[in-house]
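Structure, as structure tokens:
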Amino acid sequence: MNLGLKMRQSKPKAFGLGGPPPLQKLSPGFAEQKRSFAARALERDAPVRRLDWVLFGASLALSVIGSLLVWSATRPRTHLTGGDPQAFLKKHLLNMVIGLVLFAIVAMVGHRRMRVLVPFIGIVAMLGLFAALSPLGATINGQKAWIMLPAGFSLQPAELAKIGVILGMAMLLAERVDTGDVERPGNRAVFWAVALAMAPIGVIMLMPDLGSAMVIGVIIMGVLLASGAQARWLVGLTTLGIVVALGVWKLGVLSQYQIDRFRAFTDPDLDPAGAGYNITQAKLAVGSGKLTGTGLFQGNQTQGQYVPEQQTDFIFSVAGEELGLIGCTVILFLFGALLWRGVRIAVNADDLFGTIIAAGVVAWLGFQMFENIGMNIGIMPVAGLPLPFVSYGGSSMFAIWIAIGLLQSVHMRGAKAFTKA
């Protein structure tokens, strides 16, 4: 009796009468896999735990602030929005989402694995630059620097070229040092790295896109400094840059509107209704905000559409007028936090390849931020550079978030990634 009872108790129940067995008995590994997946997502070495949250938070906050400023700048411009006051806002948010996806992909793939893609990225960037100069390109604001896409979108290949220059120079300079022959890159390695970066600059100047050429020039200097290149290279390139700038000015390579911009920078009253108009109106907008600003959507200069290109080049004037000194300080603080984390990542990287990449990104973002804000308050000439994360523009948004993904990759894979700030 006891044996029969035990046998009956050990028999499985019929599916129709007693229901399915517990999940653990059907597939003992399934629940365990679920638990292990959750555990892996939260363990110390998980990618999410290794993110630099200050860097990511500052970047995301700038993008959110930029969305509000773009909305305010474009809401009353019905001739641009087609009657939809939220048209630019929707596109800006879409660009931001795409940028975040690119950020995640780059951060997860990693900068080291991307080494094999560097030649491909460089070729694609150069083909894009040549395509912009071809009949496929479109001229906007005097620059033949865009490729028009369906649904009203456009692509600016110069933004991808910035990524290509950073990765290409980092690969050449780091490869030379990793051989152990010398403690710093040799002259041949530096020569080819600089030559690689000069190629896109030459094409960009034919557009002519002086702002992007300036950014790549600053990237070159930042990368060489981080790589430990000899000082004579920095001095020589600085001298060459001055000579080239003078030659470009004298030979008439720049468009007349670009020359007028520089003249307006030196003397805004020279042509207040023409070349100096943008600077004058932007300064008025920034100054009228005072301490606390007029309030979002309440700025007279912004809502009255007195500042041209306010959603792109002059987006900071919206912040100055409607958010005031306090709002501008918040934006500067976020940029400061971002650059600070970028410098720390470069210093803490456990390989020279990562150090050079981080230094290149910091040089790029730091200069472009300074140039854009500077031209809004009259201390820098107008160069047509957007404010990173904040200005409207898909190509810029994509490239900037890819750059942040590279920074995060260097941080996540660095030997000192877990060092507390």
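Dipole check for the range 271-356: with +1 at the C-beta of Lys and Arg, -1 at the C-beta of Asp and Glu, and the Cα centre as origin, the magnitude is about 280 Debye. Each other residue within a Cβ distance under 13 Å of F153 adds +1 if Lys or Arg and -1 if Asp or Glu, for a net charge of +2.
Charge dipole (Cα centre; +1 on Lys/Arg Cβ, -1 on Asp/Glu Cβ; no other charges) of the range 276-421 amounts to roughly 460 debye.
The local environment of P386, defined by Cβ-Cβ distances under 15 Å, has a net charge of -3 under the rule Lys, Arg +1 and Asp, Glu -1. Scattering from the range 108-210 was approximated by placing one identical point on each alpha carbon and applying the Debye formula without solvent; log10 I(q)/I(0) at 0.12, 0.17, 0.23 1/Å stands at -0.47, -0.80, -1.14. Sorting M114, M148 on solvent-accessible area from highest to lowest, probe radius 1.4 Å, gives M148, M114.
From the alpha carbon centroid of the range 202-233 to that of the range 297-321 is 31 Å. Given a 1.4 angstrom probe, I'd like the percentage of the accessible area of the range 86-150 that is carbon and sulfur, rounded to a whole number. For the range 86-150, the apolar C and S fraction of the accessible surface comes to 79 percent. Accessible surface for the range 64-181, divided over its residues, is 47 Å² per residue with a 1.4 Å probe. For the pair A138 and A245, label points projected 7 Å from Cα toward Cβ lie 3.2 nm apart. As a length-normalised measure over Cα pairs under 8 Å and 6 or more apart, the relative contact order of the range 289-421 settles at 26 percent. Computed extension gain for R184 through R263, at 0.36 nm per residue and net of the alpha carbon distance, reaches 24.3 nm.
Could you sort W364, W146 by their accessible area in this structure, using a 1.4 Å probe and putting the largest first? Provide the component values of the computation, followed by the final result.
Details: W364 0, W146 45 Å².
Ranked list, largest accessible area first: W146, W364.
Rank these residues by their accessible area, most exposed first, probe 1.4 Å: R112, R50.
The ranking, largest first, comes out as R112, R50.
Remark: C-alpha extents of the range 280-421 on the principal axes read 52, 28, 24 Å, sorted largest to smallest.
The values are calculated or read from the model by the stated rules, or taken from the named source; none is laboratory data. The structure displayed is predicted, hence computed values, not measured ones. Ideal geometry is used to build each Cβ from the backbone, glycine not excepted, and the neighbour counts take in all protein chains shown. The accessibility values were calculated without ligands, DNA or RNA, using every heavy atom of the protein model including side chains. Shrake-Rupley method; radii C 1.70, N 1.55, O 1.52, S 1.80 Å.
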